[in-house]
């Protein structure tokens with residue numbers, strides 16, 4: 001019986017903790033990151049995940065010609081500044097915030113509709129002896145209403 005209680009307890013943490021972390025990150029995206037989109041209109045989607053220093057994530061999204069967009073990236077205060085770059089289907093880098101003093105936003109308008117790849121990276125700090133930090137990272141999209 002004790003073994004079954006232990007299995008249930010472990011299963012609870014394996015299921016509940018990731019769901020709870022995801023919910024907290026979605027709340028972080030809604031309450032903190034969404035403000036980075038102003039004066040653009042949020043597209044209604046919340047893309048957020050817990051990342052640890054040194055980790056990267058990618059997201060693909062289709063953007064349409066003639067529309068003005070803003071991409072906003074933000075991370076928890078305990079994380080170093082988040083790096084992000086936007087690439088086209090041929091892996092050409094259209095924008096990198098590393099070249100722009102780690103700005104959190106990029107405003108753009110495309111001449112042709114296309115799917116772009118948004119790659120985010122949480123850089124590692126120089127202190128190798130410290131435990132790597134983890135925190136929420138959100139990617140938000142906005143568009144201008146004409």
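Coordinate-derived values only; no laboratory data. Every value quoted in this text rests on a predicted model; they were computed, and no experiment measured them. Note that each Cβ is placed from the backbone with ideal geometry, even for glycine, and that neighbours are counted across all protein chains shown.
Specify whether the C-alpha gyration tensor of region 2-143 places it in the rounded, prolate or oblate class, a ≥ b ≥ c being the square roots of the eigenvalues: rounded for a/c under 1.5, otherwise prolate if a/b is larger than b/c and oblate if not.
prolate
With an 8 Å Cα cut-off and a minimum separation of 6 or more residues, compute the relative contact order for region 15-146 in percent.
Over region 15-146, the number comes to 41 percent.
Describe numerically, in nm with one decimal, the distance between label points set 7 Å from Cα along Cα→Cβ at residue 89 and at residue 127.
4.6
Which ordering of 125, 70 is given by a fewest-first count of other beta-carbon atoms within 10 Å?
The order, fewest Cβ neighbours first, is 125, 70.
Would you calculate the separation in nanometres between label points at residue 134 and residue 98, each defined as 7 Å from the Cα along the Cα-to-beta-carbon direction?
Computed distance between label sites residue 134 and residue 98 equals 2.5 nm.
Mind ordering 96-106, 132-142 by average Cβ neighbours within 10 Å, highest first?
132-142, 96-106
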